[in-house]
Amino acid sequence: MFVRIVKMSFHEEKIPDFLENFESVKEKIRNAEGNRFLELYQDKNDKCIFFTYSYWESEADLENYRNSELFNTVWDFTKKLFNAKPEAWSVDKLVSLK
């Protein structure tokens, strides 16, 4: 399993559009094959910056999602709202304390 982190920055006036759309698709994303966890964060100092954290069983599962109709629909809508190029990382979790 690995973690996918995506940083997105939006035009301030587009944030409600993003949040409304995310609300409508979050369960579908979370239920994508191989997705085990999904969270959305908003930066405390810059309200235009958001992060998604998702856990995936395999890189193939993430790629299948990224090639799905759901992803294409979500991404086509979301990318129109950006004020900066998004950044993404795939990382392995080394330590987790609870």
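The values are calculated or read from the model by the stated rules, or taken from the named source; none is laboratory data. Source: prediction; values computed, not measured. Glycine gets a Cβ as well: all are built from the backbone with ideal geometry, and neighbour counts include every protein chain shown. These accessible areas exclude ligands, DNA and RNA; they are computed on the full protein's heavy atoms, side chains included. Shrake-Rupley method; radii C 1.70, N 1.55, O 1.52, S 1.80 Å.
Filtered by the rule that a residue be surrounded by 10 or more Cβ atoms within 10 Å (Cβ to Cβ) and either part of a loop (DSSP other than H, G, I, E, B) or at pLDDT below 95 (or both), the range 79-98 gives Asn83, Ala84, Pro86. Can you find a residue that is among the hydrophobic types (A, V, I, L, M, F, W, C), open to solvent by 80 Å² or more (accessible area, probe 1.4 Å) and out of contact with any helix residue (DSSP H, G or I) (no Cβ under 7 Å at 6 or more places or on another chain) anywhere in the range 39-61? The answer is no; no qualifying residue exists. Annotation: Trp75 fulfils all but one of (1) loosely packed, with under 11 Cβ neighbours inside 10 Å; (2) at pLDDT 95 or above; (3) closer than 16 Å to Val6 by Cα; the unmet one is (1).
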